[in-house]
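Scroll down for the structure; my scribbles are underneath it.
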Amino acid sequence: QVQLVESGGGLVQAGGSLRLSCAASGRTISMYTMGWFRQAPGKEREFVAAISWNGGTTYYTDSVKGRFTVSRDNAKNTVYLQMNSLKPEDTAVYYCATRRFVNIVTMASAYDYWGQGTQVTVSS
């Protein structure tokens, strides 16, 4: 089992920045793909970003490309999501998730373990 705990969410004005963290415990995530998803009220959970097991490859949904950066520190068993130039449409609960394989995928169903989520609210 892998336990994931997100932190760093909050309220920020449009154009501001937040850095989300996802700390893993139970098992090392060093060989796992890590992903970030978000879910706004009334919408399906959507893919945001993912990073390969060694951090060598990242992938972003088009709506956040150029604004968000995903990174990981395997020594700390932690993955990060740096969010810059935030927009009101970024408002959602953000979840981190891990997949027991090295390749990046965007389907939520492909991920094995999930955190509890952290709320990000961007005001206009």
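The values are calculated or read from the model by the stated rules, or taken from the named source; none is laboratory data. Source: prediction; values computed, not measured. Methodologically, a virtual Cβ is constructed for each residue, glycine included, from the backbone with ideal geometry; neighbour enumeration extends over all protein chains shown. Accessible surface is based on the protein model in full, side chains and every heavy atom, while ligands, DNA and RNA are left aside. Shrake-Rupley method; radii C 1.70, N 1.55, O 1.52, S 1.80 Å.
Taking the Cα atoms of region 1-112, the ratio Rg/Rh between the radius of gyration and the Kirkwood radius comes to 0.94. With Cα atoms defining each centre, region 76-124 and region 1-55 are spaced 3 Å apart in the structure. Assuming charge only on the beta carbon of Lys and Arg (+1) and of Asp and Glu (-1), the dipole of region 56-98 about its Cα centre is about 120 debye to the nearest 20.
When a/c reaches 1.5 or more, the comparison of a/b and b/c decides; with that in mind, is region 1-61 rounded, prolate or oblate per its Cα gyration tensor? Prolate is the answer for region 1-61, as a/c is 1.5 or above and a/b outweighs b/c.
Only protein atoms count toward the accessible area here, which uses a 1.4 Å probe; on region 32-77, the carbon and sulfur part of that area reaches 45 percent.
Might you report the magnitude of the Cβ-based charge dipole of the chain about its Cα centre, with Lys and Arg at +1 and Asp and Glu at -1, to the nearest 20 debye? Intermediate results must be reported in sequence, preceding the final value.
On the way: 12 positive and 8 negative charges, 39 e Å.
For this selection, approximately 180 debye.
Of the trypsin sites (Lys or Arg not before Pro) found in region 13-78, those that fall in a DSSP loop while having at most 13 other beta-carbon atoms within 10 Å are Lys43, Lys65. Summing Lys and Arg as +1 and Asp and Glu as -1 over all other residues whose Cβ lies under 14 Å from the Cβ of Trp36 gives a net charge of +4. Distant-in-sequence amide contacts of Lys87, defined by a placed amide H-H separation under 5 Å and a gap of 5 or more residues or a different chain, comprise Gly15.
Amide H to amide H distances under 5 Å link Arg100 with Asp112, where only residues 5 or more positions off or on other chains count and H is placed in the peptide plane.
Positive contributions from Lys and Arg (+1) and negative ones from Asp and Glu (-1), summed over other residues with Cβ under 11 Å from the Cβ of Ala50, come out at +2. Along region 69-76 the Karplus relation, 6.51 cos²θ - 1.76 cosθ + 1.60 evaluated at θ = phi - 60°, assigns HN-Hα couplings of 9, 9, 8, 8, 10, 5, 5, 9 Hz to successive residues, with x for each Gly and Pro. In a Debye calculation with equal point scatterers on the alpha-carbon sites of region 50-115 and no solvent, what is log10 I(q)/I(0) at q = 0.11, 0.19, 0.23, 0.24 Å⁻¹? The computed values of log10 I(q)/I(0) come out as -0.27, -0.82, -1.19, -1.27. Rank Thr106, Leu86, Ile51 by how far each Cα sits towards the positive end of the charge dipole of region 48-114 (+1 on Lys, Arg Cβ; -1 on Asp, Glu Cβ) and give me just the farthest. Most positive-ward Cα: Ile51. Over the chain, what is the relative contact order in percent, taking alpha-carbon pairs closer than 8 angstrom and at least six residues apart? Contact order relative to length: 36 percent. Sorting Phe47, Phe101, Phe37 on solvent-accessible area from highest to lowest, probe radius 1.4 Å, gives Phe101, Phe47, Phe37.
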